[in-house]
Amino acid sequence: MLKIKEITIHNIALPLQETIRMSKVIIEKSNSILVKVKSTEEISGWGEAASSLSMTGESAAGMILALEYIKNEIINREIESVEDISELIQRSIYGNYAAKSAIEVALVDLLAKTQKKTFSELIGIKRREEIPIIWRIAGAKNE
């Protein structure tokens with residue numbers, strides 16, 4: 001069983017290699033929220049979620065507010081399983097799916113490290129050797 005000691009939220013903006021143009025939207029950087037969760041055993045887990053009002057409906061500022069709220073529900077909680085994590089996150093706040101995803105991944109990462117398992121072993125899926133690539137049609141260059 002692990003106990004959550006600390007949760008840190010980081011707002012980052014990374015420049016994209018290529019500008020994305022979709023309809024009237026121009027995206028030049030990736031705005032993401034990183035979440036670091038630390039246990040009383042000083043083990044850390046990390047999660048990330050991108051913010052995009054035009055795609056997910058969640059802004060970085062809104063995600064941070066949601067995560068601060070969720071954070072208060074999680075600090076000093078004891079967690080034993082992935083099911084505990086999912087239940088805790090889902091009942092903590094309505095909506096805010098990207099924010100919930102970031103903290104849920106951080107908690108599962110922490111639980112996996114605590115149990116000395118890989119993330120995929122912990123959630124019960126086979127590790128992939130290849131991942132299919134998705135291409136954006138809307139991101140074509142104007143030529």
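Do you know which residues across the stretch 1-33 are part of a loop (DSSP other than H, G, I, E, B) and charged (D, E, K, R)? Full working, then the answer.
Pass one, the stretch 1-33, residues part of a loop (DSSP other than H, G, I, E, B): 1, 23-24.
If the condition is that a residue be part of a loop (DSSP other than H, G, I, E, B) and charged (D, E, K, R), then LYS24 is the only one that fits.
Looking only at the stretch 54-68, count how many residues are exposed (fewer than 14 other Cβ atoms within 10 Å of the Cβ) and under 15 Å from ILE4 (Cα atoms).
Counting residues in the stretch 54-68 that are exposed (fewer than 14 other Cβ atoms within 10 Å of the Cβ) and under 15 Å from ILE4 (Cα atoms) gives 1.
Any idea which residue in the stretch 1-12 is nearest to ILE64 (Cα to Cα), counting only those that are in contact (Cβ under 8 Å) with a residue 40 or more places away in the chain and touching a Lys or Arg at 6+ places or on another chain (Cβ under 8 Å)? Even if it seems obvious, please write down each step before you answer.
Filtering the stretch 1-12 for residues in contact (Cβ under 8 Å) with a residue 40 or more places away in the chain gives 1-7, 9, 11.
Adding the requirement that they be touching a Lys or Arg at 6+ places or on another chain (Cβ under 8 Å) leaves 3-7, 9.
On the way: LYS3: 22, ILE4: 19, LYS5: 19, GLU6: 15, ILE7: 12, ILE9: 7 Å.
Looking at the filtered set, the residue picked out is ILE9.
Can you find even one residue in the stretch 61-74 that is in contact (Cβ under 8 Å) with a residue 24 or more places away in the chain, under 27 Å from LYS116 (Cα atoms) and not in a helix (DSSP H, G or I)?
The answer is no; no qualifying residue exists.
With ILE103, ILE75, ILE131 as the choices, which residue is surrounded by 11 or more Cβ atoms within 10 Å (Cβ to Cβ) and either farther than 30 Å from ILE20 by Cα or out of contact with any Leu (no Cβ under 7 Å at 6 or more places or on another chain) (or both)? Explain how you work it out, then say what you get.
Details: ILE103 fails: either farther than 30 Å from ILE20 by Cα or out of contact with any Leu (no Cβ under 7 Å at 6 or more places or on another chain) (or both); ILE131 fails: surrounded by 11 or more Cβ atoms within 10 Å (Cβ to Cβ).
Criteria check complete, one pass: ILE75.
From (1) closer than 20 Å to MET1 by Cβ; (2) touching a residue at least 60 places away in the same chain (Cβ under 8 Å); (3) exposed (fewer than 14 other Cβ atoms within 10 Å of the Cβ); (4) not small (Gly, Ala, Ser), pick out the condition that doesn't hold for GLU121.
With respect to (1) closer than 20 Å to MET1 by Cβ; (2) touching a residue at least 60 places away in the same chain (Cβ under 8 Å); (3) exposed (fewer than 14 other Cβ atoms within 10 Å of the Cβ); (4) not small (Gly, Ala, Ser), GLU121 is out only on (2).
Which numbered condition trips up SER51, out of (1) in contact with a Leu (Cβ under 8 Å, 6 or more places away or on another chain); (2) surrounded by 18 or more Cβ atoms within 10 Å (Cβ to Cβ)?
The failed condition is (1).
Could you say whether any residue in the stretch 34-57 is outside any strand (DSSP E or B), within 16 Å of ILE12 (Cα to Cα), modelled with pLDDT of 95 or more and not small (Gly, Ala, Ser)?
So the first thing to find is which residues in the stretch 34-57 are outside any strand (DSSP E or B), and the list is 40-43, 51, 53-57.
Still in the list and also within 16 Å of ILE12 (Cα to Cα): 51, 53.
Those left that are additionally modelled with pLDDT of 95 or more: none.
So far as the stretch 34-57 goes, no, none of its residues is outside any strand (DSSP E or B), within 16 Å of ILE12 (Cα to Cα), modelled with pLDDT of 95 or more and not small (Gly, Ala, Ser).
Of all residues in the stretch 20-43 being out of contact with any Lys or Arg (no Cβ under 9 Å at 6 or more places or on another chain) and surrounded by fewer than 16 Cβ atoms within 10 Å (Cβ to Cβ), which is nearest to GLN115 (Cα to Cα)?
Across the stretch 20-43, the extreme among qualifying residues is LEU34.
Inspect all residues belonging to the stretch 102-114 and state whether any of them is of a type in the set (Lys, Arg) and modelled with pLDDT under 90. Walk me through how you get there before you give the answer.
At the first step, the residues of the stretch 102-114 found to be of a type in the set (Lys, Arg) are 113.
With the extra rule that they be modelled with pLDDT under 90, the set shrinks to none.
No, the stretch 102-114 contains no residue that is of a type in the set (Lys, Arg) and modelled with pLDDT under 90.
Restricting to the stretch 80-99, name every residue that is at pLDDT 90 or above and in contact with a Leu (Cβ under 7 Å, 6 or more places away or on another chain).
Those that are at pLDDT 90 or above and in contact with a Leu (Cβ under 7 Å, 6 or more places away or on another chain): ILE85, ALA99.
The values are calculated or read from the model by the stated rules, or taken from the named source; none is laboratory data. If you're wondering where the values come from, they're calculated on a predicted model, not measured in any experiment. Reconstructed Cβ throughout: ideal geometry from the backbone, glycine too, with neighbour counts over all protein chains shown.
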